[in-house]
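To start, the structure itself, in structure tokens.
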Amino acid sequence: MLFRAVAAGHRCHWINGLELLATFRDAMYTETSERSLVQRFAGYDVLGISDPVPPVALRDDAWRMELLYRILDARYRARKSTWLTINAKTAKEADELLTAQAFDRLRDGAELFKCLWPSYREQRKP
């Protein structure tokens, strides 16, 4: 879908959730501010984020959720499209994983697609 958006002339960016966090962590060692990074990610016409919720062992990180919320809120206020993939079986689970505030902004006026097919990775296991 992002390829189609680019072909239609939109400025798009895709990033994995853990890479997004790494971008912010790396900025701690430079003169780059969090605010400028939030603005950067808020500036794309369409932002695709894959798996913003890390593995279970890393989930109790309030800083991570704050950053995700700030990006989503800035994009929401600017009326920019954010496309997100998340491993959640229900809207309630997505709400719990992303926080109510973040998920509320994502789903307002959105089309939610439930993709409930078997994992490609599972199929490849010997």
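The values are calculated or read from the model by the stated rules, or taken from the named source; none is laboratory data. Small disclaimer: the values here were computed from a predicted structure and weren't measured. Positions of Cβ are backbone-derived with ideal geometry, glycine not excepted, and every protein chain shown enters the neighbour counts. Accessible surface is based on the protein model in full, side chains and every heavy atom, while ligands, DNA and RNA are left aside. Shrake-Rupley method; radii C 1.70, N 1.55, O 1.52, S 1.80 Å.
Here are a few things to note about the model shown:
- Only listed residue being modelled with pLDDT under 90 and hydroxyl-bearing (Ser, Thr, Tyr), chosen from Tyr69, Tyr120: Tyr120
- Residues that are of a type outside the set (Gly, Ala, Ser) and open to solvent by less than 20 Å² (accessible area, probe 1.4 Å), drawn from the range 1-52: Ile15, Leu20, Leu21, Phe24, Leu37, Val38, Phe41, Val46, Leu47, Ile49, Pro52
- Residue count, the range 14-40 (criterion: over 11 Å from the mean Cα position of the chain (by Cα) and under 19 Å from Ile86 (Cα atoms)): 1
- Residue within the range 5-28 that is in contact with a helix residue (DSSP H, G or I) (Cβ under 9 Å, 6 or more places away or on another chain) and acidic (Asp, Glu) present: no
- One residue stands out among those in the range 41-82 that are in a helix (DSSP H, G or I) and within 22 Å of Ala8 (Cβ to Cβ): the one that is farthest from the chain's Cα centre (by Cα), which is Gly43.
- Selected residue (criterion: surrounded by the fewest Cβ atoms within 10 Å (Cβ to Cβ)) from residues of the range 83-93 that are under 12 Å from the mean Cα position of the chain (by Cα) and hydrophobic (A, V, I, L, M, F, W, C): Ile86
- So Arg105, is it closer than 27 Å to Arg4 by Cβ, of a type in the set (D, E, K, R), surrounded by 10 or more Cβ atoms within 10 Å (Cβ to Cβ) and touching a helix residue (DSSP H, G or I) at 6+ places or on another chain (Cβ under 7 Å): yes
- Ala88 vs. criteria in a loop (DSSP other than H, G, I, E, B) and either closer than 17 Å to Phe113 by Cα or touching a Leu at 6+ places or on another chain (Cβ under 7 Å) (or both): yes
- Residue match in the range 51-63 (condition: touching a strand residue (DSSP E or B) at 6+ places or on another chain (Cβ under 9 Å), at negative phi and without any contact (Cβ under 8 Å) to a residue 40 or more places away in the chain): no
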